[in-house]
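A short write-up of the structure that comes next.
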Amino acid sequence: MVTHSPAETRRLAADLLRELQPGAVLALHGDLGAGKTCFVQGLAAALGVHQPVSSPTFTLIHEYESTPPLYHADLYRIRDADDAYGLGLDEYIDGDGFTVIEWAERAAELLPPDTWHLTFEVGADLTERTITIESPNRNPNS
Ligand SMILES: Nc1ncnc2c1ncn2[C@@H]1O[C@H](COP(=O)(O)OP(=O)(O)O)[C@@H](O)[C@H]1O
Ligand SMILES: [Mg+2]
């Protein structure tokens, strides 16, 4: 999927939200500036969150009291999965909210098998982003 503006990326998030079950975990991959936080802003807006959504780079996890709640983590500054446990990330993941994790590969061992993986890449021009969405395998027997 290619988007051509931040608004389009937010709209893509709102569209994806309709496919998510409460408790879903989304791992967002991609460089700084690739649009991960923009995507989370789209999720939050679609959930009716009115607060501004920014990367939780220093606090590491933000909680938004939507229904279901939205948990937004950014693991850019963690060293390893132990740090993520220290943040209680495993408990957020086990909860019934949506847990969305920027730089999720830094705590890969915490991610459940039914994690959605989204990869963000900067495109040829300033506002182009390629967003690849891998939905979890819903049929583990196949
Ligand atoms: N198509 C697009 N989708 C998302 N962001 C875009 C797009 N085009 C330009 N941008 C800009 O790129 C930046 C993305 O920043 P951000 O979402 O914070 O990235 P990340 O969280 O991946 O570091 C923002 O300044 C945003 O305005
Ligand atoms: Mg970010």
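The values are calculated or read from the model by the stated rules, or taken from the named source; none is laboratory data. Predicted, not measured: the structure shown is a model, and the values here were computed from it. Reconstructed Cβ throughout: ideal geometry from the backbone, glycine too, with neighbour counts over all protein chains shown. Heavy atoms of the whole protein, side chains included, go into the accessibility calculation; ligands, DNA and RNA do not. Shrake-Rupley method; radii C 1.70, N 1.55, O 1.52, S 1.80 Å.
Structure notes:
- Look at (1) out of contact with any helix residue (DSSP H, G or I) (no Cβ under 7 Å at 6 or more places or on another chain); (2) within 13 Å of ligand 2 (Cβ to nearest atom) and you find that residue 75 fails only one, number (1).
- Screening the candidates 96, 114, 82 for the property of being within 26 Å of residue 51 (Cβ to Cβ) and acidic (Asp, Glu) yields one hit, 96.
- Only one of 19, 63 that is part of a loop (DSSP other than H, G, I, E, B) and either more than 13 Å from ligand 2 (Cβ to nearest atom) or surrounded by fewer than 16 Cβ atoms within 10 Å (Cβ to Cβ) (or both): 19
- Among the residues of segment 92-123, the one identified as more than 16 Å from the chain's Cα centre (by Cα) and charged (D, E, K, R) is 109.
- Hits in segment 1-11 - residues which are open to solvent by 20 Å² or more (accessible area, probe 1.4 Å), touching a residue at least 24 places away in the same chain (Cβ under 8 Å) and not in a loop (DSSP other than H, G, I, E, B): 2, 6, 10, 11
- Scan of segment 24-48 for residues that are open to solvent by 20 Å² or more (accessible area, probe 1.4 Å) and more than 8 Å from ligand 1 (Cβ to nearest atom), ordered by number: 29, 45, 46, 47, 48
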